[in-house]
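Notes for the one structure printed next.
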Amino acid sequence: MYLRKPAMKIKKQSGMSLIGFIFVLAMVIFISYLGMRIVPMYMEYYSVVNAMDGVAAERGSANLSPYDVRVKILNRLYVSYSENVKESHIKLNRTIGGMNLRIAYEVRTPVMGNLDVVAKFDRTVQLSN
């Protein structure tokens with residue numbers, strides 16, 4: 001008499017295949033690369049915001065000449081290593097309530113090949129008396 005072996009349960013494998021893992025890894029690397037290209041643009045924008053708020057908070061900044069306001073902004077941006085904001089991007093408008101400071105600029109960062117990431121930044125603050 002032959003002994004019968006008990007039937008083995010076939011376990012279905014679960015998990016990710018090598019091709020799936022490589023695909024997910026490629027997506028994570030690409031998204032990380034995009035983040036490394038985009039985050040510095042926004043960090044620079046926040047340094048511009050900080051410089052504008054600092055000049056706007058100074059007492060009597062609305063009474064300064066446009067040249068003096070530009071110099072104050074550019075000095076603050078120089079300290080924070082801002083490379084994309086030029087003097088031509090700084091606009092000053094006198095209003096009845098004081099003076100408005102506006103900085104509008106565009107940042108173009110190459111991603112790969114002929115693809116670029118373009119970000120436009122535009123901010124206005126009112127200078128205090």
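The values are calculated or read from the model by the stated rules, or taken from the named source; none is laboratory data. Please read these numbers as outputs of a predicted model, since none were measured by experiment. Glycine gets a Cβ as well: all are built from the backbone with ideal geometry, and neighbour counts include every protein chain shown. Side chains included, ligands, DNA and RNA excluded: accessible areas come from the protein's heavy atoms. Shrake-Rupley method; radii C 1.70, N 1.55, O 1.52, S 1.80 Å.
On a per residue basis, the chain carries 78 Å² of accessible surface, using protein heavy atoms and a 1.4 Å probe. Take the Cα of Met36, step 7 Å along the line toward its Cβ, and report every residue of the stretch 97-129 whose backbone nitrogen sits under 15 Å from that point. Label zone hits: 110-113.
This model, with +1 at the C-beta of Lys and Arg and -1 at the C-beta of Asp and Glu, gives the stretch 1-117 a dipole about its Cα centre of some 1020 debye. Measuring max minus min along each principal axis, the C-alpha atoms of the stretch 72-111 give extents of 44, 21, 13 Å (largest first). Partner lysines whose Cα lies under 20 Å from the Cα of Lys72, excluding those fewer than 8 positions away in the same chain, are identified as Lys86, Lys91. A value for Rg/Rh (Cα atoms, Kirkwood Rh) was derived from the coordinates, and within the list (1) 1.49; (2) 0.93; (3) 0.99 it appears as (1). In percent, how large is the relative contact order of the chain, given Cα pairs closer than 8 Å and 6 or more residues apart? Taking the mean separation of contacting Cα pairs over the length of the chain, I get 24 percent. Computed from Cα positions, the angle between helix 18-57 and the longest principal axis of the chain comes to roughly 20 degrees. Sites listed here are GluC sites (Glu not before Pro) in the stretch 22-129 whose DSSP assignment is loop and whose Cβ has at most 15 other Cβ atoms within 10 Å: Glu58, Glu83.
Considering only Met41, Ile19, Val107, the residue lying farthest towards the positive end of the dipole of the chain is Ile19, judged by Cα position with unit charges set on Cβ. Largest GNM mean-square fluctuation among Ala56, Ala26, Ala104, using the chain with Cα springs under 10 Å: Ala26. To the nearest 10 degrees, how steep is helix 66-79 against the longest Cα principal axis of the chain, on a 0 to 90 scale? Its long axis makes an angle of about 30 degrees.
For the stretch 8-105, applying the loop criterion from DSSP together with a ceiling of 15 other beta carbons within 10 Å to the chymotrypsin sites (Phe, Trp or Tyr not before Pro) yields Tyr81. Computed extension length for Val49-Met112: 19.8 nm, one decimal, from 0.36 nm per residue of separation with the Cα-Cα distance subtracted.
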